[in-house]
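Reviewing the structure listed below.
We did not get these values from a lab; they are worked out from the coordinates using the rules stated. Model, not experiment: these values are computed from the prediction. All Cβ positions, glycine included, derive from the backbone under ideal geometry; neighbour counts span all protein chains shown.
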Amino acid sequence: MIELREYSLENVWRALLDELPHADRHELRERAQGFIAIADQSRVPIEELLQWIHADASEKEYSLREWRAYCAQRPVPKQEPLFCSDDEPEPPPDAFDPRPRR
């Protein structure tokens, strides 16, 4: 049986290898693990992570900081908050969003 986490790691690692073929493979595997951990924490599907990795952009760094910022600004289904708050946080300024601008 294939473990889902290991399968996801392989797919994300291979996507990074496709985009950054000259990078250190060990470093890319660690980065893939970080991307998956952030996606898991943010409840972002791995398919969206793969799409984000393959999105063309000359300014993209493929960094954990950039992926975390993308996950933070991503629209999520509206749910009742556990604690009431009138403040809506601004999306982080370093978020790379692969969706086309309107």
**Request:** Sort VAL12, VAL44 so the one with the fewest other Cβ atoms within 10 Å of its own Cβ comes first.
**Result:** VAL44, VAL12
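Starting with the fewest neighbours, write out ASP40, ASP18 ranked by other beta-carbon atoms found within 10 Å of each beta-carbon.
Details: ASP40 13, ASP18 10.
Ordered from fewest to most neighbouring Cβ atoms within 10 Å, ASP40, ASP18 come out as ASP18, ASP40.
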